Structures are given as C-alpha cells and as structure tokens.
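Written below as structure tokens is the structure these notes are about.
The values are calculated or read from the model by the stated rules, or taken from the named source; none is laboratory data. Predicted model only: the values in this text are computed from it and were never measured. Neighbour counts are summed over all protein chains in view; Cβ atoms, including those assigned to glycine, are modelled from backbone coordinates with ideal geometry.
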Amino acid sequence: MFSNLSAGALGLSLDHTTSIDLAVTHGFGGVDPDLGYFRSLGSTAAIAEHAASVREKGLQWGIGGLPVPLDGTAAEFREALVDLPDTLELLRAAGVDRVGTWLRPMHDELTYRENWRRFAGRLSLVSDLLGEAGVRLGLEYIGPKTFWSTERYPFIHSLSEALELIADADAENVGVILDSYHWYTAGESAADLEGLTDADIVSVDINDARDDRERDEQMDLDRRLPFATGVIDLDGFLGAVHAAGYTGPVKVEPFMKELAEQPVDEVLADISSRLDRAVAAR
C-alpha cells in the first residue's frame with residue numbers, strides 16, 4: 001500500500017497543484033485526482049500530460065469520487081449516468097483506476113430489501129460502465145450506530161453486508177473501502193478481514209476514536225487521528241490489510257476541524273508520519 005494525501009479528507013482547502021507539490025515535499029506516495037482540474041485542462045492530451053508529470057514526481061493516484069449518486073432519486077441517477085461516459089474519458093486519460101462512494105446506512109421510507117434491490121440494480125449498471133473504462137469502484141459501509149439508527153429502516157452498516165451486496169450485483173470490479181473507524185464501530189475484528197484479497201479492497205482509511213465514549217456512542221464525524229488514543233486496534237486492522245496483499249492507497253479522514261486552523265506543513269508532516277507507520281506495519 002502507499003500513503004495518500006487527500007486534502008479534502010483532512011478538511012484542508014488546497015488546490016490540486018498545491019496538493020501535488022505538498023505531497024512530494026512531505027513524502028506521500030500518492031495524491032487524490034481532481035476531476036474539476038482535469039476538466040479545466042481542456043483536452044485528454046493535456047490531462048495525459050499532467051498525469052505523466054505527476055508520475056514523474058513519484059506519485060500515484062489515490063481514489064476519486066464516484067460521479068453517480070447511487071442513493072439519489074431516479075431522475076438524479078439517470079442524469080448522472082448520461083454524463084458518466086464523458087467523465088470516464090477524463091479518468092482514462094489521467095490513468096485514474098479507482099473511484100469510491102459511501103453507502104447510506106438507513107432510509108426513512110425504503111425497507112432493507114427495497115433499498116437492497118435498488119442499490120444492487122444501480123450498482124450493476126454503474127459497475128459495467130466503470131469496468132469498460134478499467135476503473136474499480138469502492139463502496140464504504142458506515143458503522144456508527146448513532147448514525148444508522150436515526151431513520152426508520154437501518155441498511156448496510158457492516159463489511160459482511162457490503163460484500164454480500166457486491167456479490168449480489170455480480171460486479172467483479174467493485175470492492176470495499178475499508179475504514180478502521182467503521183470497522184471498529186461495526187464491532188468487527190481482524191478475523192472479519194481474513195480471506196480478503198487485494199481485489200476485494202479498493203481503498204483504505206485509518207482513523208482512531210475518542211477514548212471517552214463507548215463503541216455505540218461514537219459519532220461518525222467526531223474521530224481522532226490514527227494511533228492517537230489506541231481505542232481502535234490499528235495494529236490488528238493493518239496487519240489484516242497487509243495479509244490481504246493490499247497495494248492501494250491509504251489515507252486519513254478524521255473530520256477534525258482544528259486541522260484547518262494549524263499550519264499546513266505541520267499538519268501534513270504529522271499525517272505523513274502516521275501513514276508511514278501504517279504502511280510499514282505488519
């Protein structure tokens with residue numbers, strides 16, 4: 001795996017080129033792609049040239065966002081599907097090979113099975129288009145009970161459910177985004193990760209949890225930096241990820257507003273160090 005700078009996940013307002021320069025400065029192995037920046041370049045040739053310059057700096061692409069709302073209205077979903085081929089052309093020109101989205105773990109109107117059928121059908125359509133462009137899709141399940149219990153019908157909020165949905169959609173280029181925070185709040189252990197391979201994992205996030213809350217009291221948007229509290233067994237989590245032979249990006253997504261108030265170089269030096277520890281963990 002390689003350390004990935006995802007400025008947005010850190011709450012930092014950095015433009016794409018600045019992120020690239022800072023990723024090099026602080027020893028990251030990758031940086032997230034930016035579709036808006038790609039579009040601004042005006043041609044696929046210019047995008048390919050930009051991507052080549054990023055590789056020359058020793059960086060790989062992390063993970064982009066899926067430009068299709070799997071949980072959107074029927075009209076929103078259809079409209080995004082129409083635009084998807086043009087977007088995929090940009091990703092292909094840049095050499096971006098993975099995108100991701102999260103699975104909303106509840107619904108006020110759709111039952112579990114109704115929501116399941118909707119996601120499975122949409123996932124099958126989207127994955128086919130992505131697969132033709134050589135792009136993998138990562139699905140992130142959301143673990144905190146304080147979130148998935150807030151609407152009438154809980155939905156997918158565990159690894160086993162996410163893997164079952166992927167199998168049901170028969171989507172070979174779809175895997176999971178593993179986040180240590182969701183893994184912990186879902187009550188999972190390293191044993192639940194046994195048997196996963198690099199083909200099953202599209203991206204990895206590492207975070208820690210507050211030490212003044214029980215597992216079921218943890219809030220989705222109130223996390224801690226990896227290795228900060230020791231509440232989450234990151235050694236066990238990362239050991240299982242390494243055992244899976246995972247080769248993709250690993251990033252930090254703590255939702256800590258105070259990071260944006262600190263000097264950027266200090267924040268990135270700290271994050272890079274934590275990610276280096278994760279990449280080296282066995």
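Please go through (1) modelled with pLDDT of 95 or more; (2) of a type in the set (D, E, K, R); (3) farther than 25 Å from S189 by Cβ for R274 and return the number of the only condition it doesn't satisfy.
(3)
Out of D198, D211, I need the residue that is over 16 Å from the mean Cα position of the chain (by Cα), acidic (D, E) and modelled with pLDDT of 95 or more. Which one?
None of the other options fit; the residue is D211.
A quick yes/no check of all residues on (1) touching a helix residue (DSSP H, G or I) at 6+ places or on another chain (Cβ under 9 Å); (2) crowded, with 18+ Cβ neighbours inside 10 Å; (3) under 17 Å from Y141 (Cβ atoms):
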{"residue": "D216", "(1), (2), (3)": "yes, no, yes"}
{"residue": "G236", "(1), (2), (3)": "yes, no, no"}
{"residue": "A240", "(1), (2), (3)": "yes, yes, yes"}
{"residue": "A244", "(1), (2), (3)": "yes, yes, yes"}
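If I filter region 48-92 down to residues being within 21 Å of the chain's Cα centre (by Cα) and β-branched (V, I, T), which single residue comes out as nearest to G29 (Cα to Cα)?
The selected residue is V54.
Taking the condition crowded, with 17+ Cβ neighbours inside 10 Å and within 20 Å of I20 (Cβ to Cβ), does G62 pass?
When the stated conditions are applied, G62 passes them.
Of the residues that sit in region 98-152 and are touching a helix residue (DSSP H, G or I) at 6+ places or on another chain (Cβ under 6 Å) and part of a strand (DSSP E or B), which one is nearest to L178 (Cα to Cα)?
L139
State which residue pairs qualify: first residue among the basic types (K, R) and inside region 263-282, second residue outside any helix (DSSP H, G or I) in any location, beta carbons under 7 Å apart, and separation of 6 or more residues or different chains.
What qualifies is R274/L225; R274/P226; R274/F227; R274/V252; R277/F227.
Of all residues in region 234-262, count the ones that are touching a residue at least 12 places away in the same chain (Cβ under 8 Å) and part of a loop (DSSP other than H, G, I, E, B).
Residues flagged as touching a residue at least 12 places away in the same chain (Cβ under 8 Å) and part of a loop (DSSP other than H, G, I, E, B) within region 234-262 amount to 9.
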